[in-house]
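Working notes for the structure below.
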Amino acid sequence: MVTIIDSNLGNMLYRGKVRDTYDLGDNHLLMVATDRISAFDVVLPNGVPDKGVILSRLSDFWFQRTQHILPNHMIALADDAQALSTLPYHPLISDLNEEIAKRSVVVRHAQRIDVECIVRGYLTGSAWAEYKKNQSVFWQKMPTGLSEGFKFEEPIFTPTTKADQGHDENMQINDMESLVGKDMTDRLKEKSIELYNFAHDFAY
């Protein structure tokens, strides 16, 4: 197994906590999922071997299976020569190292909505921490006596900010409406819950 911390392909468009993004022209991007580890918004010096390979294949798996619910930016895995054969030639793709290619996807350029759309089906993680402190989840009062891992009767939409730096923060729905508008907020909530239900049913 190989560990790749930096893709180092030159002329990087954007470096995230885990992914490196490059512009391929014609509204296409190359996104490389490195093996970097991000924990509590800190990128650690050591990576996990082949983590990026798994991340890219997970992305492809779910994007392929959910595009009937919501069209997405995914075009193909970067090591899928047949799928990429219809795209314009670009030296960055044709000369990709095999290990980088296994960690990469080619996507359409899209405008990002600066909201992290999170759906919770169970009382766990930060929702559990909030419940223990205030007996609420996403500012909604909950019954007493719930235990960690409790399954909600209906999934709860709990959006957060999408921070380039620092930790994402919980957003109330009216804050989200102020940022992206009520119609977009309603659509994102509806589609997020639909995606959650699809993935939940698929897994179970």
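The values are calculated or read from the model by the stated rules, or taken from the named source; none is laboratory data. For clarity, every value in this text was computed on a predicted model and none was experimentally measured. Backbone-built Cβ (ideal geometry, glycine too); neighbour counts: all protein chains shown. For accessibility, only protein heavy atoms count, side chains too; no ligands or nucleic acids. Shrake-Rupley method; radii C 1.70, N 1.55, O 1.52, S 1.80 Å.
A compact table of results
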| read-out | value |
| --- | --- |
| Additional length obtainable on full extension of the chain from ILE54 to HIS68, 0.36 nm per residue less Cα span | 2.7 nm |
| Mean separation of Cα contacts under 8 Å (6+ apart) over length of the range 1-86, as relative contact order % | 22 percent |
| Efficiency of FRET from Cβ geometry, PHE40 and GLU190, R₀ 30 Å, rounded to 0.05 | 0.45 |
| Cβ-placed point charges (K, R +1; D, E -1), dipole of the range 1-120 about Cα centre in debye, nearest 20 | 400 debye |
| Table column - 3J(HN,Hα) (Hz), the range 137-150, Karplus curve with 6.51, -1.76, 1.60, x for Gly and Pro | 9, 6, 6, 9, 5, 10, x, 6, x, 6, 10, 4, x, 4 |
| Set of lysines near LYS51 by C-alpha distance (under 16 Å), chain-local residues within fewer than 8 positions excluded | LYS17, LYS102 |
| Cα-centre dipole for the range 97-142 with unit charges at Cβ (Lys and Arg positive, Asp and Glu negative), debye to 20 | 200 debye |
| Taking the chain and dividing mean pair separation by its residue count, relative contact order in percent (alpha carbons under 8 Å, at least six apart) | 17 percent |
| At 0.692 mPa s and 37 °C, Stokes diffusion of the range 121-197 via Kirkwood alpha-carbon radius, µm² per second | 241 µm²/s |
| Helical mean residue ellipticity (222 nm; -39500 (n - 2.57) per DSSP H run of 4+; nearest 500) of the chain | -10000 deg cm²/dmol |
| Compactness of the range 33-151 as Cα Rg over 2.2 N^0.38 Å, two decimals | 1.45 |
| Heavy-atom accessible area ranking, 1.4 Å probe, most first, across ASP79, ASP168, ASP183 | ASP183, ASP79, ASP168 |
| Cβ charges +1 (Lys, Arg) and -1 (Asp, Glu), total dipole of the range 65-204, debye | 260 debye |
| Spatially proximal lysines relative to LYS141 (Cα-Cα < 16 Å; intrachain offsets below 8 disregarded) | LYS132, LYS133, LYS151 |
| Solvent-accessible surface (1.4 angstrom probe) belonging to ARG108, in square angstrom, nearest 10 | 110 Å² |
| Selected from LEU77, MET184, SER126, residue furthest toward positive end of dipole (the chain; charges at beta carbon) | SER126 |
| Candidate aspartates and glutamates - alpha carbon under 17 Å from LYS182, same-chain residues fewer than 8 apart omitted | ASP114, GLU116, GLU190 |
| Separation of the ARG15 and ALA199 label points, Cα + 7 Å toward Cβ, nm | 2.8 nm |
| Candidate values (i) 59, 38, 35; (ii) 84, 42, 32; (iii) 68, 37, 35, label of the one derived for Cα extents along the principal axes in Å | (i) |
| Extension gain from ASP95 to ALA83, taking 0.36 nm per residue of separation minus the Cα-Cα distance | 2.7 nm |
